[in-house]
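One structure below.
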Amino acid sequence: MKSIPLSIALLSSLSMHSYAEHFIDDSSIKLTTRNYYLERDFTDFKAVPGAKDWAQGFIFNFTSGYSAGPIGLGLDVQALSSVKLQGDAKYLGSGLLPTDAKTRERSDTASEIGLTAKLKYQDTEVKLGTLQPWTPVIFSSPSRLLPQTFLGGMLHSQAMPQFDLTAGYITQVNHRDSTNYEKMTNTGFNGRFKVAQSDAFTFVGGQYNLSKATQFGLYHGIAEDLYNQTALTIKNTHPLNEDFKLITDIRAWNSQENGQARAGKIDNSLITSNFGLNYHNHKLTLSTMHNTGQTAHPYLSGGEVLIYIDGWSTDFLNPKEQVYGLRYDYDLKDHIPGLKLMTRYTKGSNIDLPHLGGSNLKEDSLDFDLQYTVQSGSLKGLGLRARHAIYDNNFAQSASFKPANETRFNVDYTWTFK
């Protein structure tokens, strides 16, 4: 791994005495175990019954402190491992396990180690190696057994009051169901773009915290020879009275092709608006999302986009798609502490996919989510989660997203050793 020599060089510069003191004393060691079952049954497709896997994952994180001195040095270590519990080649891969593209055979076990060298000067931190960025233009997806990771360098600074600055240069990606780094590509779902490689992804942006209630964000990313993308985010929480809060979350993207335009023409503006009304333990959210321009919204393969409207069996990001969603969340902490539920209905229309059936296609999804976290005792922190989605569309059968009933179960527990 490219980051290993640099990491070793930084470690060798640490003194075994005063310099290493904070490196060890301020470190943390955690192990997360995740048992995950995912079944996606196609309801209107005969060639393959769907996607189904059951797996056990292990996520080990050692996060060091910083050595003493004006410039602190540190090293983070992440070890990831997956074990197949069930995975039949008659089903498509679900993204939980490494899967052979031709035979659909799953790996029985898979492991990897990521190293991140880091340095810190006052309120500015630089990381080199394995990264998990979390921005509107590049996002490390955590939605499967193991997280998606990237290879490169990233800077984060809080040197300016109320402003968080982030910037990075990414060269490779390690997908959620892979143990190998590879070149990044764009997502080509539903034939919206040609799938093509990019040698680098550069991004810069930040969030300004006007107050605890109001935040503004502006980000720009460049997938070299694929696309440029600018993102704007606005979030505000406004108390209407002692009982009600209005939560406004608006996000907008504009994307155009870049350089050699290997994925083809890209011309998209995407805006999503979310208005939530919070009353004690209840929250009702109305969401809209509008795609305009000649193409769909582009993003890197293997992950998702940081949008509040989400779909487990689709992404609602087709050309010219207009989306409306209604979501209800309820925290049962006054009755059963640790238990939360969510249900939502999302409908997309005006979808322009002539090669998949027409210029006024539609899709919808009805989702349910129930999660419980043990609040006390020897199993405190144990998380149980069940999700079910009923997804439908009127696309041609060759579409990437197919009508399906999807069920997910996962059990998570984190041991904190330090």
Checklist outcome for this item: Screening Phe401, Phe409, Phe395 for residues that are crowded, with 17+ Cβ neighbours inside 10 Å, in contact (Cβ under 8 Å) with a residue 40 or more places away in the chain, of a type outside the set (D, E, K, R) and under 19 Å from Glu39 (Cα atoms) leaves only Phe401
Checklist entry - Regarding Lys245, is this residue over 21 Å from the mean Cα position of the chain (by Cα), within 27 Å of Leu286 (Cβ to Cβ) and surrounded by 15 or more Cβ atoms within 10 Å (Cβ to Cβ)? => result yes
Checklist entry - Do you know which of the residues in the range 66-101 that are of a type in the set (Val, Ile, Thr) and surrounded by fewer than 20 Cβ atoms within 10 Å (Cβ to Cβ) is nearest to the chain's Cα centre (by Cα)? => result Val77
Checklist outcome for this item: Only unsatisfied item for Ser111, checking (1) open to solvent by 30 Å² or more (accessible area, probe 1.4 Å); (2) farther than 18 Å from Thr32 by Cα; (3) at pLDDT 95 or above, is (2)
Next on the checklist: Out of Gln148, Gln132, I need the residue that is buried (at least 16 other Cβ atoms within 10 Å of the Cβ), free of Cβ contacts under 8 Å to residues at least 24 places away in the same chain and not hydrophobic (A, V, I, L, M, F, W, C). Which one?
Outcome noted: Gln132
Checklist entry - So which of Ile170, Ile222 is open to solvent by 50 Å² or more (accessible area, probe 1.4 Å), at pLDDT 95 or above and assigned to a strand (DSSP E or B)? => result Ile222
Next on the checklist: Only one of Leu341, Leu379, Leu366 is surrounded by fewer than 16 Cβ atoms within 10 Å (Cβ to Cβ), touching a residue at least 12 places away in the same chain (Cβ under 8 Å), outside any strand (DSSP E or B) and hydrophobic (A, V, I, L, M, F, W, C). Can you tell me which?
Outcome noted: Leu379
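To keep it simple, each residue is scored yes or no on (1) surrounded by fewer than 18 Cβ atoms within 10 Å (Cβ to Cβ); (2) assigned to a strand (DSSP E or B); (3) touching a residue at least 12 places away in the same chain (Cβ under 8 Å); (4) under 22 Å from the mean Cα position of the chain (by Cα).
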| site | (1), (2), (3), (4) |
| --- | --- |
| Gly259 | yes, no, yes, no |
| Arg262 | no, no, yes, no |
| Leu277 | yes, yes, yes, no |
| Asn291 | no, yes, yes, yes |
| Val305 | no, no, yes, yes |
| Tyr324 | yes, yes, yes, yes |
| Asp329 | yes, yes, yes, yes |
Checklist entry - Just to be sure, is Gln371 outside any strand (DSSP E or B) and either surrounded by 14 or more Cβ atoms within 10 Å (Cβ to Cβ) or of a type in the set (Phe, Trp, Tyr) (or both)? => result no
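The values are calculated or read from the model by the stated rules, or taken from the named source; none is laboratory data. Since we're looking at a predicted model, the values are computed, not measured. Cβ: placed from backbone, ideal geometry, glycine included. Neighbour counts: every protein chain shown. The accessibility values were calculated without ligands, DNA or RNA, using every heavy atom of the protein model including side chains. Shrake-Rupley method; radii C 1.70, N 1.55, O 1.52, S 1.80 Å.
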